[in-house]
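Structure first, commentary second.
The values are calculated or read from the model by the stated rules, or taken from the named source; none is laboratory data. Keep in mind that this is a model prediction, so the values were computed, not measured. Glycine gets a Cβ as well: all are built from the backbone with ideal geometry, and neighbour counts include every protein chain shown. These accessible areas exclude ligands, DNA and RNA; they are computed on the full protein's heavy atoms, side chains included. Shrake-Rupley method; radii C 1.70, N 1.55, O 1.52, S 1.80 Å.
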Amino acid sequence: MNMRRIIKLFEQGNVCVVGLRGCGKDMLFANVIARRRKPYVSNTDYHCKHAPFIKLKFDNLNIKNNYKNFISGDIVPYDYPYPEDSDCYIADCGIYLPSQYCNELNKLYPEFPAFYALSRHIANCNVHFNVQNLNRVWDKLREQSDTYIRATSCHVLFKKWVLQSVVVYDKYQSCVDRVDPFVPTPLPLMGSKETKAALRQSNDEAKRRYKEVYGEVKRYILIYRNKSKYDTRLFKGVLSCEKN
């Protein structure tokens, strides 16, 4: 049930997945892709049986138009080269589009953030990325996600079953700060009705204040069968110039 909720988030909008090494960022990507059973565009082949892989070339996401073109109406023709309805998944986005080179990226690829913002108009698709820390990604991208998922742990059991914990946010800053879900003060077992009623009211008020500050923050425990065979050491092959 929880995995279906996560898949729904990927279907509804742009998703960013963050988490430390070994917490299952690519595992989540791979198994969302496998269960959606649709062609996908990515810099990583997740080897999902019923989801055809289309190799991403970043230059193809250059829409050749910026705010000046849109304001003036002097539009440079751009044809999206990939099939429509095929979401983009950018793995290790902090390597490809790192925040420490924001100035250079702004100069060299000024139109890419426009594609990210207009992907549903252009290709009826969403763009998802994963990264260890959200603030390591080009700032023109990281705040445009609709949903942020923090992978906190991942364990593979019996070589095929995955037990994974994730926290889902709808606010960028809450994800950056790694905010934990709200935990109400437990009601005392032996307390009076008046005491319990007062504590419930206090919890309701605390939860309302929490939501105003941090937005929706929910933890999910995912148990699912691993349906991918992606290379967990992909960059070893990339750096040795092997095809991936």
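Using only the Cα atoms of region 54-143, build the gyration tensor, take square roots of its eigenvalues as a ≥ b ≥ c, and label the shape rounded, prolate or oblate: rounded if a/c is under 1.5, else prolate if a/b is larger than b/c, else oblate. It comes out oblate by the Cα gyration axes. In the frame of its principal axes, the chain has Cα extents of 71, 52, 31 Å, reported largest first.
Accessible surface of His47, taken over heavy atoms with a 1.4 Å probe and every protein chain present, rounds to 100 Å². Within the chain, antiparallel bridges make up roughly 55 percent of the DSSP beta bridges whose residues both belong there.
With contacts defined as alpha carbon pairs under 8 Å and 6 or more residues apart, what's the relative contact order of region 17-173 in percent?
RCO, region 17-173: 28 percent.
How would you order 77-84, 160-167 from highest to lowest mean count of nearby Cβ atoms within 10 Å?
Answer by packing, highest mean first, reads 160-167, 77-84.
The listed peptides 133-146, 103-116, ordered by packing as a protection proxy, come out as 133-146, 103-116 (highest mean of other Cβ atoms within 10 Å first).
Each peptide among 183-189, 34-40, 125-131 gets the average number of other Cβ atoms lying within 10 Å of its residues, and from highest to lowest they stand as 125-131, 34-40, 183-189. Accessible area per residue for region 1-51 is 42 Å², calculated with a 1.4 Å probe on protein heavy atoms, without ligands, DNA or RNA.
Counting protein heavy atoms only, the chain has 52 percent of its accessible area on carbon and sulfur, 1.4 angstrom probe. For the residue pairs Lys140/Lys211; Lys49/Lys160; Lys196/Lys218; Lys49/Lys229, alpha carbon separations beyond 21 Å are given by Lys140/Lys211; Lys196/Lys218. Kindly flag which residue pairs out of Lys8/Lys38; Lys25/Lys207; Lys55/Lys227 have an alpha-carbon separation exceeding 23 Å in this structure. Result: Lys25/Lys207 exceed 23 Å. Cα centroids of region 95-128 and region 160-225: 33 Å apart.
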